[in-house]
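Got a structure for you, questions after.
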Amino acid sequence: MLHFALMAGLLLLCSVTHAAEVTAASPALPDIQVAVDSLDGPGTVRIPAGEAEAVGTLKVPAGVSIIGAGAEHTKLFRGAQTEIHKSGNIIHVTGGEGAADTLTQIAGLNLIGETHPDSKAQDAGIRLDNVPRFRVDHCRLESFGNAAVMVRGNTSGVVDHCQTVDVFRPAINNLGYGVAVYGIGVWREDLEPGGPGAVFIEDCEFIGSRHAVASNNGAWYVFRHNHIHQNAKTQAVDAHGHGYGSKVGTQYVEVYENVIEKPRQDAPAMLFRGGGGAVFNNTVRDHSSAIGLTLDYDSSIDWSAPYPIDFQVRDFWVWDNTLNGEPVEPFVPSRSAGHIQLGRDYNTEPKPGYTPYTYPHPLASGGPFDEE
C-alpha cells in the first residue's frame, strides 16, 4: 500500500510538472489561447516556428510565459481580418491583486501591427497591466500606432534585447512609443533611485519611433544601454509631466549609457517635462540639442502659477553627456525658466549617494535566447 501511494504521488508530481509547460498546436492566436487556458496556474506556453495572422488579442494571466521559437522564426501579424483602424493589443497580460509572483516572460516573437499607410489604429504589440515580475526579451515589434510595449499600473520588470521598428503612424501624428510606462497615479514616498522597483529598458534597439520611451501617471523607468536611431518627429526619450488626463506626472527617470543618433527629423534627443531624474553618460549625435527640461504643454493647466507647480521638474541631476563628441548641459526653454532653475531644480553634477541598479538586470538572464 505504501509503495502504491508513493508511486501515485510520483505520477501526480510528474503530471503537474508536465502540465506547467505546454506547446501550442500552431502560431495562430486561437491555438495559443487554448494552450494558455489549459494551464492551471503559472506555466509556460511555447509557440512553434511559423507565421500566422493575429486576429483579436491573446489574453494571458500574470505568471504565464509565452515563448516563441525566436523572432526570426515565430511571426504574428495583423492582416486582412483586422479592420485597418482597429485598436487593440496582440498580447495582453493582466495581473492585479493576488497575481502570481512567478516571472511572466514573453520572448522570441516577431509581432507586426497594421501596416496600411493610412491606418489610424492605436494598437500595441504587448500590454502588461499590474504584473509584479515580468521580462519581455528577444522580440522584434513592428508597425504599431500606440506602443510596441505598454506597461501600466503596479508593474515591475525588464524589457531587454528587443528591437522596435516604425512604431509611429503619421496618420495619427501622436503616440508612437517604443515602450510606454504608466504608473499607478500616486506620488510614491518610498521611491529610491537606483532601486529594483522601476520598469527597466535595456540593451534594446529603437528604429523610427516617435518616442523610444515615454511615461506618465507616477511612472518610474530606467532606460539604459540602448541604441536609438532614425527617430521620427520629436524627442526620442520623453517623460510627461502633470497633464493629459493623468493624476500625477512622471515621478522619476534614470537614463544612462545610451546612444541616440541619426534622427529622421531634428528635435531634442531627450525632453523631460516633470519629476526627478538622473541622466548621465549618454552619447547624442546628429541632433541640434541633447537634453531639455521643461514644463509640460497641456493647455488645461495654468503654467503661469507660482513656483512650484505640482509634479514639475525637480531633483534632476544631469552630467557627463555629450552632443557630437562635446560635453553638453541641459537647456531650459524660456517659458519654463522661472520654474526650472539650475541649483534649485536641477544640477549638472553626479547625484550624491546615487548608485545605479545592477546591470544587466537580474531577470535578464537564464532564458532560452540568452548567451551562456
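Hey, residue 233 hits all of (1) at positive phi; (2) modelled with pLDDT of 95 or more but one; which does it fall short on?
(2)
Shifting gears a bit: Return the residues of region 324-334 that are out of contact with any Leu (no Cβ under 7 Å at 6 or more places or on another chain) and either outside the structural domain of residue 309 (by TED's automatic domain parsing) or surrounded by 12 or more Cβ atoms within 10 Å (Cβ to Cβ) (or both); say none if nothing qualifies.
Result: 324, 328, 329, 331, 333.
Within region 233-241, identify whether any single residue is over 19 Å from residue 330 (Cβ atoms), touching a strand residue (DSSP E or B) at 6+ places or on another chain (Cβ under 7 Å) and surrounded by fewer than 22 Cβ atoms within 10 Å (Cβ to Cβ), and answer yes or no.
no
While we're looking at this one, here's another question. Of everything in region 162-201, what is part of a loop (DSSP other than H, G, I, E, B) and either under 12 Å from the mean Cα position of the chain (by Cα) or buried (at least 21 other Cβ atoms within 10 Å of the Cβ) (or both)? Give them in sequence order.
Of everything in region 162-201, those that are part of a loop (DSSP other than H, G, I, E, B) and either under 12 Å from the mean Cα position of the chain (by Cα) or buried (at least 21 other Cβ atoms within 10 Å of the Cβ) (or both) turn out to be 162, 167, 168, 169, 176, 183, 193, 198.
Shifting gears a bit: Considering 367, 353, 343, which residue is assigned by TED's automatic domain parsing to the domain that holds residue 291 and closer than 19 Å to residue 158 by Cα?
Of 367, 353, 343, the one residue that is assigned by TED's automatic domain parsing to the domain that holds residue 291 and closer than 19 Å to residue 158 by Cα is 367.
Checking residue 39 against (1) more than 23 Å from residue 149 (Cα to Cα); (2) surrounded by fewer than 17 Cβ atoms within 10 Å (Cβ to Cβ); (3) at pLDDT 95 or above; (4) of a type outside the set (Lys, Arg), which single condition isn't satisfied?
(2)
Name the single residue, out of those in region 312-337 being assigned to a loop (DSSP other than H, G, I, E, B) and out of contact with any Phe, Trp or Tyr (no Cβ under 7 Å at 6 or more places or on another chain), that is farthest from residue 242 (Cα to Cα).
325
In the set 292, 245, which member is among the small types (Gly, Ala, Ser), under 18 Å from residue 333 (Cα atoms) and surrounded by fewer than 22 Cβ atoms within 10 Å (Cβ to Cβ)?
292
Filtering region 335-372 down to residues that are among the small types (Gly, Ala, Ser) and surrounded by fewer than 14 Cβ atoms within 10 Å (Cβ to Cβ), which residue is nearest to residue 269 (Cα to Cα)?
337
Restricting to region 20-34, name every residue that is surrounded by 21 or more Cβ atoms within 10 Å (Cβ to Cβ) and closer than 19 Å to residue 103 by Cβ.
32
Given the options 244, 256, 307, name the one that is closer than 23 Å to residue 176 by Cβ and out of contact with any Pro (no Cβ under 6 Å at 6 or more places or on another chain).
Criteria check complete, one pass: 244.
The values are calculated or read from the model by the stated rules, or taken from the named source; none is laboratory data. Just so we're clear, the structure is a prediction, and the values are computed from it rather than from any experiment. Using ideal geometry, Cβ is built from the backbone for each residue, glycine included, and neighbour counts are taken over all protein chains shown.
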